[in-house]
Each structure stands twice: as structure tokens, then as C-alpha cells.
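The values are calculated or read from the model by the stated rules, or taken from the named source; none is laboratory data. Quantities reported herein were computed from a predicted structural model and do not represent experimental measurements. Here the Cβ is made from the backbone with ideal geometry for all residues, glycine too, and neighbour counts use every protein chain on show. Areas reflect the complete protein model, heavy atoms only, side chains present, ligands, DNA and RNA absent. Shrake-Rupley method; radii C 1.70, N 1.55, O 1.52, S 1.80 Å.
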Amino acid sequence: MSARLKIVFVAIAGATLGWISVDALLRAGVPTTKREGVSPGVADCTFFPGHEHLYVSNPTKELNFIAAKLKEASSAVPQRRSFFAPVQKNFIDAHIFGAMARDGVAFADLTTDSEFVRRVYLDTTGRIPSPDVVLNFLNDPAADRREAMIDSLLDTPEYADRWSNFIGDQLQLVLNSTQINLDPEARNAYYNFVRASIGQNKPYDQFVTELITGTGNTTEEGPANFVARWRQPNGPIQDTYDNLAAAAGQFLGLSLNCISCHDGAGHTNALNLYLTKRTRYDFWAMAAFFSRTAMNPYRDPKDNNRILGFMIADNRTGGYILNTTSGNKTARNGTAPNEVVMPKYLPDGSPFDAYGPNPAETYRSALARMLTSDHQFARATVNYVWKELFGLGIVEPADNFDLDRISIEAKIPEGWLLQANQPELLEALAIDFEQHNYDLKYLIGTIMKSATYQLSCSYPGAWSDAHIPYFARKFPRRLKAEEIADVITQATNVPASYQPRGSAYSKPVNWAMQLPDTIEPLGNLQMRTFLDAFLRGNRDDRSRSSEGSILQALALLNNSFVTTRIKVSNVNSTVGKLWANKDLTPAERVTRLYLATLSRLPSLEELDKSILYLGDPVSASKLEDLQFAFINKVDFIFNY
């Protein structure tokens, strides 16, 4: 590698280190002047490993992380203005641009076509567009070319891969966890159900209903694994019911684990007004919806110690009994011996707050009916999707709504702030989602077709971090681990191969985004090390993160997954083909390399410098070095 390129890599590593971590500062929008004497460890749950993230993380942390990425990444990605003012496209823009006009906030230009095509490809499919796609799009005169591209991408198999990855994170769909180790056949049945549902565009309320009510053999019936995933074998059965209630609460954007150990009062007073009013008994009543769920293991006939799966069914009798003194939670004691807690839906404000199951329905069917009919279900879902596309939710943390601080009409005590940064938009998105039959493709498409989504990362004039809640520009995000692996595969044109466990994978998959969970491929330590460097998490006690690290810079510089793919000796690689085609001019080689790797044309300055670097005649090693440098650029590993 040349000394010149080494200087580039040192600069890249420095930029990467600049956004390694951001401190958690204020909690839940309450000024520090109102918080004297409040301990950072407000609640004392030691059971739940994600407790600190859920209850001490806050909107300020998310805003500071966005601000840090804007400072570091925006200076390293191309600052190209389209000089086209955005034109409002739908109701999203009416809310966003209306708020900016009201408060005097300037907004970015519309993003350029080359930035748009790369952005929408990554957000929809997790991959980058081919050079031909980029050129055809740039030359397309149609006024609706952006909308047409969005619609076409939403109908691809790659869309199902990328958004199944997102849903898998939400469900914490994984082979091995602190709760239980699923058999590979069960894990694969679960993943295949998720992917088929996303690919078929199954209404999201139906999808969640099927998960909550799933029955049958877990190695054959994917939805049944929602229950099996949260089975807690090292405690009383009530621990499993609690796990399932908390998992169901995630569909509502509620973090209920804290009140599974104790009442909210005295623990969440400075964090969440809604949870402060909730008691542990309220949580038990929510968990009681799972108290008639049978989870019977069946074993390998050749090895009785090996559990192959579970038979999930609904019993006619049973209940949530307050009679435990062991396990993973503090003692469950009622007002009388063996008191039975009856099912009752938890969230306030729903039309079902005072109701349990109807006489003719199972407990889980009742919960599914009430949960998916709750307006909060729609609010939480659109907020999760919004955060996935923008990097910042309308409500933060997205999995810890304070239901007393969401509506613009809420009566908020002195010293507290509204949790939603765009409350009217959140409500409009939720209503629109309900009116369109909980259609995820429609929701994603509606957001992508808005001018708000299509704003540039470049910003004219002086930027203020106070503008972040207005979504006044595109917030750059570091690509997910799977995206980085797949775009390297695409850019270099050297196929990859991943072998997940289980009979469903008689053949390897070729894309990291097709892996069924975030601990695969278990048989390939080198590839797992590469993916884990980009903080994909384990869908258990380590959440996915977009923070940076020196390990990420080192992986891109040194891992053979990168270095072996940029060799002209590989005749089918991108650089191999460019080297072999002697009819190409240096300018054509450079242009094709930019299109294949960065999904854009080079600027005149970039073109001149690259041609000069390649030399005359063109050097094979410098052609390799050039793509190596492109892969290590910030604008390669960021969506901007």
C-alpha cells in the first residue's frame, strides 16, 4: 500500500474514533434543575440486563448521538447541493415543514438524484444500486421517477430480507439467549415465518396476532416460537409469563420489565409519569394472559437430554398464582394464599382497559385482540419504522413511551416536557396506518415518498443542533453490519457464502442480510468477527448499535473479507474486470469504479486526482488501492 493511501486511512480511523461514544445526559426531558437528589440508578431491577438502557437512556442521548454523527460524518461525505427546494408531497411534509415555518427553522435542499438512489436502495433492500441502475436513474426524465423506484424496490425479495432483519431485531429472534437455546429447526421456522409475512405484506396487526396466539410444534410452526423464545427454565412458570408480557409490551413501545419487580412509584417518578402510576399487580394482570399457555418440551429419541422443541397450546384452566419465593424475581405474594390474578389489559386510554377475555376466547386471543386494536399499537409501530428510516424516533426512546406525555392535549406537570418531538405527525401517521389496514409497505413507502425523507444531508447556512427534532436535513447513519458486508460483496463483485445451521439451509446463503439471526454464521469465526465488529448485537443482552470503534476501522483495513476482494488476479472482481479491459481509458476506469463502489459519478476534482494517482500506464496495484480507499471512505459505510 502506498504512503499516500496510508495517510488517508489514518484520517479515516480518526474520523471513526470521533463518534465512538456519546454520554447519556438528561433523562426523559426533565431539566437537571428539577432533578437534584435523583440517583442515576433510579430503579433497582437487577433481573433485566437491558434495564439501564431503557430507563436511563433518553431523548437527549439520542439527540447528542445524532449531533455527533452530523459533525463527524457530514464533513466526510460529499457536500453537493441540488439547489432544488423540496416540494411538499404528502401529509408528513405538511406537519414537518409547517413546524419549521412556524418556528423559523431553515431546511436542507432536496437530495441529489445519485444520493437519493443510493439512500433508498439501502433503506429498502440493504444493498446499493448497480452502476447501470444509477446511470439509468440519472438519465430518466420522468417526473415521478423517485416514486416509481420506491414502489419497485418494495416489491423485491431484497426488501423482505432487509425488513425481516429489522423485525428480527424487534422480536429478538435468535438461536441462543439467556432464556433458552432454540433448536436450529425451531429458529429457522420462526425466521421463515417472519420473512414470508414481510414478503407477503401481511397486515402487521395480523402478523402480531399470529405471534401472540401461535400454537403447535415449534420446529414446524414459526409463530409458536414467540412463546418458546421467552421460556424461562431456571425459575417458576410465572417468570416465563412475565417475560412474555414484557415482550408483548414491546409491540406497544412500552418497557414493562421494571414494574415486573416492583411498583413504578418510588422508582420511575423522575423518568416516566405513566409507569409511576402502574403497580406490579397491574403487570401481573397483563402477564396473566399467558397463564393458560402450555409449553411442553419434546426430546430427541436418541438423546433424552436434548430438547428438540416445544408443543405450544392453550389450556382451558390455569392462572397466574401469587405463590413464588424463588426464581428471577422478588417474591410474589398476594392478599391470600395462592391468590390468582385475573387477566386485565394494562395500558390506559384503550377501549379495553377494564376488560379481560370474552367467554368464548382464549386468554392469548383476548390479549392479541386488545393489543392490536389499541391505538398505541399503531403509534408504536409507526415510531419504530420512522426511527429506522431517520435514525431518530418521534418518541425517544422508541421502546419506552411515556403515555402521559404523548398527546399535544396531555396535561403535563411543571418541569416535564412533551415526549413526542412531532406529536401531531405521530398521531397522523398512526391514524393513516390504521386506515390502511396496518400495511407496512404502504407505511414505508409513504415515508420515503415524502420530501422530508428526501432532504439532503448537506445543509445551507449555519446548522444548529436545536434543529434536529424538526428533521430539517438527512441524518447520516453508519450502515448495519450486514449492510456493510453486502455492499462490499456488491462493490467488489466477489460473491460471499454463509452457512446457517439447520436443514432449511441445505445450501449457503449469499448475503449477510439473509442470515436468520445475529449470531450466524456459527461455523465461520472470521466472518462473525467481522460482522460483530460493527455491533450487530446478539438479540439478547446486547442491542444493535451504530456507534463507531477502532475495531471497525481495523476490520475494513485488514480483514481478508475486504483485502482478498480487491485483487486484479480475481478476474471476475470489479478491479479484475477493469484491469482486463484494455479498451477503457483511465477516466472510464475511475468513473466505473466510483459507480460500482460509491454509487455516484466522481466530481471533476476527484476524477483528475484519481487519474493522476493511477498513472500512465495504469498500475494494477494502484487500481486495487483505489477501490480499497473507496471502501474505507466514510461515505461508503454511511447512508447519507
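Let's see how each residue does on (1) of a type outside the set (S, T, Y); (2) open to solvent by 60 Å² or more (accessible area, probe 1.4 Å):
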site	(1), (2)
N139	yes, yes
A142	yes, no
E147	yes, no
D155	yes, yes
D161	yes, no
S164	no, no
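For the range 247-266, name all the residues that are open to solvent by less than 10 Å² (accessible area, probe 1.4 Å) and without any contact (Cβ under 8 Å) to a residue 60 or more places away in the chain. Give the derivation first.
Restricting attention to the range 247-266, the residues satisfying the condition of being open to solvent by less than 10 Å² (accessible area, probe 1.4 Å) are 248-249, 252-256, 258-260, 264.
Across the range 247-266, the qualifying residues are I259, G264.
Yes/no matrix, rows are residues, columns are (1) hydrophobic (A, V, I, L, M, F, W, C); (2) assigned by TED's automatic domain parsing to the domain that holds N315; (3) at pLDDT below 95; (4) surrounded by 18 or more Cβ atoms within 10 Å (Cβ to Cβ):
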position	(1), (2), (3), (4)
K344	no, yes, yes, yes
G349	no, yes, yes, no
P357	no, yes, yes, yes
E361	no, yes, yes, no
A366	yes, yes, no, yes
A380	yes, no, no, yes
I431	yes, no, no, no
Y438	no, no, no, yes
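For the range 416-456, a residue qualifies if it is polar (S, T, N, Q) and within 22 Å of the chain's Cα centre (by Cα), and the qualifying residues are Q419, N421, Q422, T446, S450, T452, Q454, S456. Does the range 506-527 hold any residues that are part of a helix (DSSP H, G or I) and crowded, with 19+ Cβ neighbours inside 10 Å, and which are they? If the condition is that a residue be part of a helix (DSSP H, G or I) and crowded, with 19+ Cβ neighbours inside 10 Å, then A512, M513, Q514, M527 are the ones that fit. Where residues in the range 319-330 are modelled with pLDDT under 95 and among the small types (G, A, S), which of them is most open to solvent (accessible area, probe 1.4 Å)? Of everything passing the filter in the range 319-330, S326 is most open to solvent (accessible area, probe 1.4 Å). Across the range 355-386, what is the total count of residues that are polar (S, T, N, Q), in contact (Cβ under 8 Å) with a residue 24 or more places away in the chain and not in a helix (DSSP H, G or I)? Qualifying residue count for the region: 1. Scanning the range 391-413 for residues that are open to solvent by less than 20 Å² (accessible area, probe 1.4 Å) and of a type outside the set (D, E) yields L392, G393, I394, V395, P397, A398, N400, F401, R405, I406. Which of the residues spanning the range 592-625 are of a type outside the set (F, W, Y), buried (at least 19 other Cβ atoms within 10 Å of the Cβ) and closer than 22 Å to L138 by Cβ? Hits for the range 592-625 are L593, L595, A596, T597, L598, S599, R600, P602, S610. In the range 575-591, what residues are open to solvent by less than 20 Å² (accessible area, probe 1.4 Å) and either of a type in the set (D, E, K, R) or under 34 Å from the mean Cα position of the chain (by Cα) (or both)? V575, R589, listed by residue number.
Condition check for Y453 on (1) out of contact with any strand residue (DSSP E or B) (no Cβ under 7 Å at 6 or more places or on another chain); (2) of a type in the set (S, T, Y); (3) farther than 17 Å from R162 by Cβ: one failure, at (3). Per the conditions (1) open to solvent by less than 30 Å² (accessible area, probe 1.4 Å); (2) under 19 Å from the mean Cα position of the chain (by Cα); (3) over 30 Å from V87 (Cα atoms); (4) hydroxyl-bearing (S, T, Y), the sole criterion not satisfied by S545 is (1). Close contacts from the range 304-328, counting a first residue that is of a type in the set (G, A, S) and a second that is surrounded by fewer than 16 Cβ atoms within 10 Å (Cβ to Cβ) and part of a strand (DSSP E or B), with Cβ to Cβ under 7 Å and a gap of 6+ residues or different chains, come to G309/Y298; A313/A294; G319/V340. Restricting attention to the range 180-191, the residues that are surrounded by fewer than 19 Cβ atoms within 10 Å (Cβ to Cβ) and under 26 Å from K387 (Cβ atoms) total 0.
To keep it simple, each residue is scored yes or no on (1) modelled with pLDDT of 95 or more; (2) in a helix (DSSP H, G or I); (3) not aliphatic (A, V, I, L, M).
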residue: F226; (1), (2), (3): yes, yes, yes
residue: P233; (1), (2), (3): no, no, yes
residue: N243; (1), (2), (3): yes, yes, yes
residue: A248; (1), (2), (3): yes, yes, no
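For the range 118-183, the helices (runs of 4 or more DSSP H) that sit wholly inside it and include 1 or more residues that are without any contact (Cβ under 8 Å) to a residue 60 or more places away in the chain and either in the same structural domain as C457 (by TED's automatic domain parsing) or of a type in the set (G, A, S) (or both) are 145-153, 157-171.
Among the listed residues D314, D399, identify the single one that is charged (D, E, K, R), in contact with a Ser or Thr (Cβ under 8 Å, 6 or more places away or on another chain) and not assigned by TED's automatic domain parsing to the domain that holds T240. Criteria check complete, one pass: D399.
Restricting to the range 267-297, count the residues that are free of Cβ contacts under 8 Å to residues at least 60 places away in the same chain, open to solvent by 40 Å² or more (accessible area, probe 1.4 Å) and more than 30 Å from L426 (Cβ to Cβ). Going through the range 267-297 one residue at a time, the tally reaches 2.
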